[in-house]
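Asks: So that we are looking at the same thing, I have put the structure below in structure tokens.
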Amino acid sequence: MSLREVKKIVKAIQTSDGAGVKLKRSMGVPELDFIDPFLMFDEFGSENKDDYIAGFPPHPHRGIETVTYMLAGRFKHEDSTGSKGEMGPGSVQWMTAAGGIIHSEMPIMKEGKLHGFQLWVNMPAKLKMSKPSYQNIEPKDIPEFKDQEKKIKIIAGKFEDKTGPAKGFVDPIYLDIELKKGGNFIYAIPPSHNAFIYLVAGEIKIGSKTHERLENSTLICLKNGSDLKIYSVKESQFLIIAGKPIGEPIARGGPFVMNTKQEILKAVQDYHSGNFVQKCLEL
């Protein structure tokens with residue numbers, strides 16, 4: 001058994017996005033640019049409505065998938081494909097921007113707690129200009145595994161005999177795990193996948209080697225290996241996210257992620273010329 005050990009630990013930094021929504025970012029920052037195929041990871045959460053009420057007004061994306069997972073609060077999604085949906089506690093939105101999409105995510109709630117996560121997943125070059133799509137996944141459609149030590153929500157990938165409903169191009173794994181104090185969790189991640197853990201709350205130990213203390217709002221990059229072993233020092237909640245690396249050049253330009261600078265400039269040109277959405281829908 002080859003254990004996956006800690007490779008790098010990144011403490012999330014405070015920032016804002018959209019129309020001023022306050023959040024914690026741990027990937028897509030100077031300390032950690034990306035983990036192929038993942039490009040960005042944010043945790044958003046507050047009980048102060050001023051931190052989220054302005055939401056994320058209409059904005060474009062091209063060349064990526066965005067995955068939003070809600071723990072608390074309610075948001076409304078609308079996009080240029082005509083898709084609409086509401087995200088509440090436990091729901092997931094898996095949006096494939098591909099060749100181009102314009103969407104908004106705005107709070108329905110006027111007060112109360114908001115808490116969730118957004119992940120950006122890269123797409124292979126051959127699919128970056130394909131037709132956009134949208135998966136709206138309700139909590140009732142996300143299978144759960146429970147025993148005396150743990151509760152696991154399987155958003156994507158497999159655990160035991162349960163398979164998550166979300167589909168992606170990188171054979172994704174996305175698990176939400178609650179582990180009681182003193183509990184152990186062992187999970188086999190395909191050796192072909194890159195993987196990371198995001199510790200939402202609590203304190204955990206990973207693998208068999210000594211590493212620095214891991215507490216709330218921390219991203220942990222994992223080394224290659226097969227089995228992942230986690231021990232909970234305190235009652236903890238964490239996400240396990242993994243996928244096959246794409247291994248292609250990455251060019252970024254705000255909400256656009258392509259393979260070359262020229263493709264980024266073309267995306268900007270398409271957006272400002274008013275034919276951004278048509279360009280991909282004609283394919």
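Asks: What number, rounded to the nearest 500 deg cm²/dmol, is the helix-based mean residue ellipticity at 222 nm of the chain, given -39500 (n - 2.57) per DSSP H run of at least four residues and division by all its residues? Mind dumping the intermediate values first?
Replies: Values: 2 runs with 19 residues, N = 283.
Taking each H run of at least 4 residues, the total per residue is -2000 deg cm²/dmol.
Asks: Okay, moving on. Collect residues whose amide H, placed 1.01 Å from N in the peptide plane, falls under 5 Å from the amide H of Y134; neighbours closer than 5 in sequence don't count.
Replies: Placed amide hydrogens put T96 under 5 Å from Y134.
Asks: Report the paramagnetic label zone for E138: residues of region 88-121 whose backbone N is under 19 Å from a point 7 Å from Cα along the Cα-to-Cβ axis.
Replies: So the set is 88-95, 108.
Asks: If one puts a single equal scatterer on every Cα of region 110-186 and applies the Debye formula without solvent, what log₁₀ I(q)/I(0) results at q = 0.13, 0.16, 0.24 Å⁻¹?
Replies: After summing over all Cα pairs, the log10 values are -0.55, -0.77, -1.21.
Asks: Let me ask another. Report Rg (one decimal) and Dmax (nearest whole number) for region 1-109, counting Cα atoms only, units Å.
Replies: According to the Cα coordinates of region 1-109, Rg and Dmax are 15.3, 49 Å.
Asks: Taking the 0 to 90 degree range and rounding to the nearest ten, how far is the long axis of helix 261-273 tilted relative to the main principal axis of the chain, both from C-alpha atoms?
Replies: 60
Asks: Based on the alpha carbon coordinates of the chain, what radius of gyration and maximum Cα-Cα distance (Dmax) apply, in Å?
Replies: Looking at the chain, its Cα Rg and Dmax stand at 18.4, 57 Å.
Asks: If contacts are Cα pairs under 8 angstrom and at least 6 residues apart, what is the relative contact order of region 30-147 in percent?
Replies: Values: 279 pairs, mean separation 42.4, N = 118.
Reported relative contact order: 36 percent.
Asks: From zero outward in steps of 5 Å, how is the percent of C-alpha pairs of region 29-175 spread across the bins?
Replies: Calculated over all Cα pairs of region 29-175, the distribution is 2, 9, 18, 20, 20, 17, 9, 4, 1, 0 percent.
Asks: At what distance in angstrom do the alpha carbon centres of region 27-67 and region 252-269 lie from each other?
Replies: 18
Asks: Please identify every one of the GluC sites (Glu not before Pro) in region 213-283 that sits in a loop by DSSP and has no more than 12 other beta carbons within 10 Å of its own beta carbon. Write out the running numbers ahead of the final one.
Replies: On the way: sites: E215, E235, E263, E282; in loops: E215, E235, E282.
The qualifying sites are E282.
Asks: With a cut-off of 8 Å between alpha carbons and a minimum separation of six or more residues, what is the relative contact order of the chain in percent? The partial results should precede the final answer.
Replies: On the way: 769 pairs, mean separation 60.1, N = 283.
RCO, the chain: 21 percent.
Asks: Oh, and also: Would you be so kind as to identify which of G73, A251, A97 lies farthest towards the positive end of the dipole of the chain, taking Lys and Arg as +1 and Asp and Glu as -1 on Cβ and the Cα centre as origin?
Replies: Checked the options; the winner is A251.
Asks: May I pose another question? Please give the length that would be gained between K266 and S226 if that part of the chain were fully extended, namely 0.36 nm times their separation in residues minus their C-alpha to C-alpha distance (nm, one decimal).
Replies: Values: separation 40, 0.36 × 40 = 14.40 nm, distance 4.05 nm.
In short, 10.4 nm is gained.
Asks: What nm distance separates the two modelled labels at S2 and Q14, each placed 7 Å from Cα along Cα→Cβ?
Replies: Between S2 and Q14, the label points sit 4.2 nm apart.
Asks: May I ask which of K146/K205; K181/K229; K11/K146 have a Cα-Cα span longer than 23 Å here?
Replies: On the way: K146/K205 21 Å; K181/K229 15 Å; K11/K146 29 Å.
With Cα atoms farther than 23 Å apart: K11/K146.
The numbers here are math on the coordinates, done by the rules we state, and not lab data. This one's a predicted model, so the numbers in the text were calculated from it and none came from an experiment. Because the Cβ atoms are built from the backbone with ideal geometry, glycine has one as well, and the counts that use them run over all protein chains shown.
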